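Worksheet: the structure to be examined is printed underneath.
The values are calculated or read from the model by the stated rules, or taken from the named source; none is laboratory data. Only a predicted model underlies this, so the values are computations on that prediction, with no experimental measurement involved. Every residue, glycine among them, receives a Cβ derived from its backbone with ideal geometry; neighbour counts consider all protein chains shown. Keep in mind that these areas ignore ligands, DNA and RNA; they rest on the heavy atoms of the full protein, side chains included. Shrake-Rupley method; radii C 1.70, N 1.55, O 1.52, S 1.80 Å.
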Amino acid sequence: MNTQHYYEDLKALARQVRAEHGLSSPRVLPTDLMRIYEKHGIVLDQWPYRFRNLRGAFINDHLGTTIMVAKGLPLDPMVFTMAHELKHFFRDRDLGISYCDQSNLNKSLEIGAEIFAAELLFPDRDLSVT
Amino acid sequence: MEVLDHVAAKIRDLRVSYNSGEGLSQESLANHLGVAANTISRWETGTYVPSIVDIQKISRFFGVSINSFFPSELVNADEDEDLKALLRTARNLHPADLEELKKYAEFRKARGIYEGKTRPKAGRKGGKHK
C-alpha cells in the first residue's frame, strides 16, 4: 500500500469509527472517546505530571492496552491526542509502544495518526464547501 | 512478606529515614501529600491500604522508584526487559520526557501488580478502597 492509499485507508477507518459510535457532529468530546476506549477495553490514564513535549502515548503489552494523555493539555489538544492515540490502537498495536511529541511527527505512522484524528474529529465531508 | 505489608513497611521506612535519618513526622508527610494526618499512621500499620495513585505520590515525594514498594520477586527481570524495550523505542524523546515516560511505565506496571493484590479487599484490609 503506498502512502496515499495508507492515508486514505485511515480516513475511511475514521469515518467507520464515527459511524459505529454514533459520532454525527464535529463536536467530539472526551467522553465520546472514553466511550470508544471502554468498548475496546482500552484503559485511559491522564498523567498528572508535567511533560515538556510529549502529548500522549500508546502502550500495548502483557499488562493490557493503555493510552496515556498528558493531563495538562487544553481541551482541544487533549481530544485530538486521544483521537491520535486511538489510531495506534487500530493499526499499530503490534508495535507495543507509540508516543506522540514534536520529534516524531514526520514519521508516516504519526502522520497517519494525525490524519485519522483529523478525520475522526472534523470529517472532510462536514468541512467541504458545496 | 505480603505485598500490602511490604508497602506499609516501605512507607514507614522512607518517612523515618528521610533527610539522612532525621525523619519526617506523619503530620508533615500528610501535609505534603494532601491527606488527613491519621491516614499516614493507618497506611503504615496496614489499617488502610493506599491506592496505587497514593503510592505514586509517595514515591515521587521521596524520590524513589515506585518499584521499590514491591517485593523484588514481583518486579522480575523479564518484565524489566520489556520496560527497557518499550523505552528504547522512545529514545528520541527529550530526556525529561523520557524520564517521565519511564515513571509512567513503572506506574503502569506497579498498578498491574498492586491491583491484583488489592482488588478483592481494597481499602481497609478487607474493607473499602481508599
With the condition kept exactly as written, say whether any residue in segment A:24-41 is aliphatic (A, V, I, L, M) and within 10 Å of the chain's Cα centre (by Cα). yes
Restricted to segment B:43-69 and to residues being hydrophobic (A, V, I, L, M, F, W, C), touching a His at 6+ places or on another chain (Cβ under 8 Å) and away from chain A (no Cβ under 13 Å), the residue nearest to A:Trp47 (Cα to Cα) is B:Phe69
Expected single match for surrounded by 18 or more Cβ atoms within 10 Å (Cβ to Cβ), at pLDDT 95 or above, of a type in the set (Asp, Glu) and under 30 Å from B:Ile58 (Cα atoms) among A:Glu85, A:Glu38 is A:Glu85
Log entry, pairs with first residue in segment A:51-67 being within 7 Å of chain B (Cβ to nearest Cβ), second being surrounded by fewer than 16 Cβ atoms within 10 Å (Cβ to Cβ) and in a strand (DSSP E or B), beta carbons closer than 7 Å, six or more apart or on different chains, reads A:Thr66/A:Val43
Whether any residue in segment A:24-37 is assigned to a loop (DSSP other than H, G, I, E, B) and within 11 Å of chain B (Cβ to nearest Cβ) is what I want to check. no
(1) open to solvent by less than 60 Å² (accessible area, probe 1.4 Å); (2) touching a residue at least 24 places away in the same chain (Cβ under 8 Å) all hold for A:Pro77 apart from (2)
All-but-one check, A:Ala117 against (1) out of contact with any strand residue (DSSP E or B) (no Cβ under 6 Å at 6 or more places or on another chain); (2) within 10 Å of chain B (Cβ to nearest Cβ), failing number (2)
Of the listed residues (A:Asp101, A:Asp124, A:Asp45), the one being surrounded by 15 or more Cβ atoms within 10 Å (Cβ to Cβ) and at pLDDT below 95 is A:Asp101
In segment A:38-50, anything at the interface with chain B (Cβ under 10 Å from one of its Cβ atoms), closer than 15 Å to A:Cys100 by Cβ and not aromatic (Phe, Trp, Tyr) is listed as A:Asp45
The one condition B:Asp13 fails out of (1) within 14 Å of the chain's Cα centre (by Cα); (2) open to solvent by less than 60 Å² (accessible area, probe 1.4 Å) is (2)
Item to complete: Return yes or no: is A:Gly72 on the phi > 0 side of the Ramachandran plot and assigned to a loop (DSSP other than H, G, I, E, B)?
Response: no
When (1) surrounded by fewer than 16 Cβ atoms within 10 Å (Cβ to Cβ); (2) in a helix (DSSP H, G or I) are applied to A:Asn53, the one that fails is (2)
Pairs returned, first residue in segment B:84-112 that is farther than 24 Å from B:Asp54 by Cβ and within 7 Å of another protein chain (Cβ to nearest Cβ), second residue that is crowded, with 21+ Cβ neighbours inside 10 Å and modelled with pLDDT of 90 or more, beta-carbon separation under 7 angstrom, 6 or more apart or interchain, are B:Leu86/A:Ile59; B:Leu86/B:Ala105; B:Ala90/B:Leu101; B:Leu93/A:Leu54; B:Leu93/B:Leu101; B:Asp97/A:Phe51; B:Asp97/A:Leu54
Do we have B:Glu100 as part of a helix (DSSP H, G or I), charged (D, E, K, R), out of contact with any strand residue (DSSP E or B) (no Cβ under 6 Å at 6 or more places or on another chain) and open to solvent by 20 Å² or more (accessible area, probe 1.4 Å) here? no
Of the conditions (1) touching an Asp or Glu at 6+ places or on another chain (Cβ under 9 Å); (2) surrounded by fewer than 16 Cβ atoms within 10 Å (Cβ to Cβ); (3) of a type in the set (Val, Ile, Thr), the single one that B:Thr47 does not satisfy is (1)
Within segment B:54-77, residues being hydrophobic (A, V, I, L, M, F, W, C), open to solvent by 10 Å² or more (accessible area, probe 1.4 Å) and modelled with pLDDT of 95 or more number 3
